[in-house]
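Some notes on the structure that comes next.
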Amino acid sequence: MALAVLGASSGVPLTRAAERMLRGGRRFGWPVQVVVGASTGALVAGVAFVLGPVEELPAYLYLVGIAVVLAVVDITEKRLPNAIIYPSLVALPALLTAAAWVTNQWPALLGAALGAAALFALYLLLALVAPGGIGLGDVKLAAVIGFPLGYLGWTPVFVGGFSGFLIGSLVSLAAIAARRATLTSSLPFGPSMLAGAFVGVFFS
């Protein structure tokens, strides 16, 4: 409960972090801060409930924080900033390594590396086959979410990966139905990938 309250109270700092990633000095008002805080609180509560007080929990709370900021930036500017992606490719393995060292769960750490490699390879292949649909930012994000999903096992990797595509398809259909997009429109895919990743975590 305390973690959920802490997550909900992070609406303002996480919104400010997203603003620093945007071009042109854009600022968000309180409605966005409320949505960010509520989303963060819900994700923190869900992750804490599913995983419990385990050593790897900090890695998944870190994932919540960057996921919210990345989603805001991607929705706003259709890009996933390297200023978050690249440090996360170091921070998440480091946090999971610390957890594996404390718990002696080295097979789980190997699974994290394999999960990241598998999702990275899949998205890279898709980007090469259909460059208009998958961007390089999505490819790098796939590696980021592959670490925490792979640590939990192959089932979360498959569920998280599939859910990302499913959510992305539903979002596209909803946008088309609402006449916010057409069949040729390019919609940000990062938020769908991140939502799918948490489906994989919750499924574990």
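Need one number: the % of Cα-Cα pairs in the stretch 11-73 sitting beyond the 20 Å mark. Cα-Cα pairs of the stretch 11-73 separated by over 20 Å account for 29 percent.
Once the chain from S185 to L170 is taken as fully extended at 0.36 nm per residue, the excess over their C-alpha distance is 4.0 nm. Solvent-accessible surface of the stretch 14-107, taken per residue with a 1.4 Å probe and all protein chains present: 50 Å².
Extending 7 Å from the Cα toward the beta-carbon at both R79 and N104 defines two label points whose distance is 4.8 nm.
For the chain, the Cβ-based charge dipole about the Cα centre amounts to some 680 debye (Lys, Arg positive; Asp, Glu negative; other atoms uncharged). By its C-alpha gyration tensor, with a ≥ b ≥ c as the square roots of the eigenvalues, how is the stretch 30-146 shaped: rounded for a/c under 1.5, else prolate for a/b larger than b/c, else oblate? In terms of gyration-tensor shape, oblate.
Please work out whether the chain counts as rounded, prolate or oblate from its C-alpha gyration tensor, where a ≥ b ≥ c are the square roots of the eigenvalues and a/c under 1.5 means rounded, while otherwise a/b larger than b/c means prolate and anything else oblate? Verdict is oblate for the chain.
Mean residue ellipticity at 222 nm, helices only, the chain: -27000 deg cm²/dmol; runs of at least 4 DSSP H residues each add -39,500 (n - 2.57), and the sum is divided by the number of residues. Once you have a ≥ b ≥ c as the square roots of the Cα gyration tensor eigenvalues for the stretch 111-181, tell me rounded if a/c is under 1.5, and otherwise prolate or oblate according to whether a/b is larger than b/c. Oblate.
Taking the 1.4 Å solvent-accessible surface of the stretch 68-204 as the whole, the part contributed by carbon and sulfur is 72%. The stretch between A178 and L22, if pulled fully straight at 0.36 nm per residue, gains 53.5 nm over its current Cα-Cα span.
The values are calculated or read from the model by the stated rules, or taken from the named source; none is laboratory data. Worth saying up front: this structure is predicted, and the values here are computed from it rather than measured. Backbone-built Cβ (ideal geometry, glycine too); neighbour counts: all protein chains shown. We work out accessible area using only protein heavy atoms, side chains counted, and drop any ligands, DNA or RNA first. Shrake-Rupley method; radii C 1.70, N 1.55, O 1.52, S 1.80 Å.
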